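Every number here is computed from the coordinates shown, using simple stated rules; none is lab data. Since we're looking at a predicted model, the values are computed, not measured. Cβ sites come from the backbone with ideal geometry, for glycine too, and all protein chains shown count toward neighbours.
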Amino acid sequence: MSLELWIVGPLIGFIGMMSGGYWGVGCGWIVVPTMLILGFSPFEAVGIGLLQMAPSTLPTVIRQFPEIGWGPGSAGRCLALPLGTGAMLTSLAGKSINARLFDRFGAAPLSLMLCAVILAIAVQTLCSRTRCYDDELPPLTPRMGRIAFGTGLATGLLSSMLGVGGGILIRPLLTGGFKLPEYFTSRLVRLLVLLTTVTGGATYLVQSGKFDRTIFLASMLVAAGGMFGFPLGVKMHRIVYEAGYAQHIHKSFAFIAFALLLNTVFNLAGLTALSRVSMLLIGAGLTCYLAGFSLYARRVRR
């Protein structure tokens, strides 16, 4: 591994997982382009983007696990279980499906489909509101569980194919579709991101029947920064939420969607270098924004 990775890896992990902790999503959108810049192959970059999230998110997920609720009619039993089951089923097959789809159709059709999905998510986020400061769950029906399972299948596949945590799909479903309060949404998404990244990332650790030490070591270097960035992002989320800015948390999630959309469009247009550099700049900008707005929310409560 290059000397640059020992410096850039932890830094990118810190920056990316800070936003991951704040919005409850993965940070493959910035880790994958960075690994490509450092000379890793696309498959290696995706594997690193997935695996580095596990050490970063695990302590927070364990601490918040009881807060989700797991009794009859709870968010854990009615939504987290079907979502997680569906995501784990398809994330195990994501690597092989990824290779076959690209071999058969090429990158362009798949990228266009991804652009349409991301654009819809960004618009829906900006035009909707989330339930907040009302921690009462809405009625959770068996039909919602079936929808959650289907979304989990799509989330696991997308996560393991692109190296993202899956929160890009799960968060809009929970806030816009199931009308969950932000309190439950953030905790559910963090749990499900951990499940999808662990199961999907594990498939990238074995190449031709051998354990890939390069992917493992690189992902742990990135995770070294993420283990500090993720809990910091969670703390910022709590500060902003308790200050009365829950709607701001919800709508600002569109930043992540537009960043991923911009990355996809640039790659589709053949502007690969510009795509990778733009993700680094956006990541730095988001870090400054999150820190600045959290300080503002601490001083100016609504």
Legend entry - Ascending count of other beta-carbon atoms within 10 Å, so fewest first, for R171, R131, R301: R301, R131, R171
Inset, instruction - Would you please give the residues with an amide H less than 5 Å from that of R131, counting only those at least 5 places away or on a separate chain, with H modeled from the backbone geometry? - result: E182
Legend entry - Contact order relative to length of the chain, as percent, for alpha carbon pairs under 8 angstrom and 6 or more apart: 35
Inset, instruction - Would you work out which of G9, L280, W23 lies farthest towards the positive end of the dipole of the chain? Charges go on Cβ: Lys and Arg +1, Asp and Glu -1. - result: W23
Inset, instruction - Can you tell me the relative contact order of the range 194-302? Whole percent, Cα pairs under 8 Å, sequence separation 6 or more. - result: 29
Inset, instruction - Find out how many positive minus negative residues lie around T125, taking Lys and Arg as positive, Asp and Glu as negative, among other residues whose Cβ is under 15 Å from that of T125. - result: +4
Legend entry - the chain: most fluctuating residue of M144, M236, M35 per GNM, C-alpha cutoff 10 Å: M144
Inset, instruction - Show the residues, 5+ positions off or on another chain, whose built amide H is closer than 5 Å to the amide H of V206. - result: D212
Legend entry - Among L140, L51, L191: highest mean-square fluctuation, GNM of the chain, C-alpha pairs under 10 Å: L140
Legend entry - Calculated log₁₀ intensity ratio I(q)/I(0) where the Debye formula runs over C-alpha points of the range 138-240, q = 0.15 Å⁻¹: -0.74
Legend entry - Count of Lys pairs (Cα-Cα under 24 Å; at least 8 positions apart or interchain) in the chain: 4
Legend entry - Net charge, P231 excluded, C-beta distance under 12 Å - Lys, Arg +1, Asp, Glu -1: +4
Legend entry - Vicinal HN-Hα couplings computed from phi for the range 31-37 (Karplus, 6.51 cos²θ - 1.76 cosθ + 1.60; Hz; Gly/Pro x): 5, 4, x, 5, 5, 5, 4
Legend entry - Karplus (6.51, -1.76, 1.60) ³J(HN,Hα), θ = phi - 60°, over the range 80-87, in Hz, Gly and Pro reported as x: 5, 5, x, 4, x, 4, x, 5
Inset, instruction - Rounded to whole Hz and in sequence order, give me ³J(HN,Hα) for the range 148-158 from the Karplus expression 6.51 cos²θ - 1.76 cosθ + 1.60, θ = phi - 60°, writing x for Gly and Pro. - result: 4, 4, x, 5, x, 4, 5, 5, x, 5, 4
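Given the C-alpha atoms of the chain, compute the convex hull and give its volume per residue in Å³.
Measuring per residue, one finds 119 Å³ for the Cα hull of the chain.
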Inset, instruction - Once you've got the GNM for the chain with C-alpha springs shorter than 10 Å, pick whichever of G76, G177, G283 has the biggest mean-square fluctuation. - result: G177
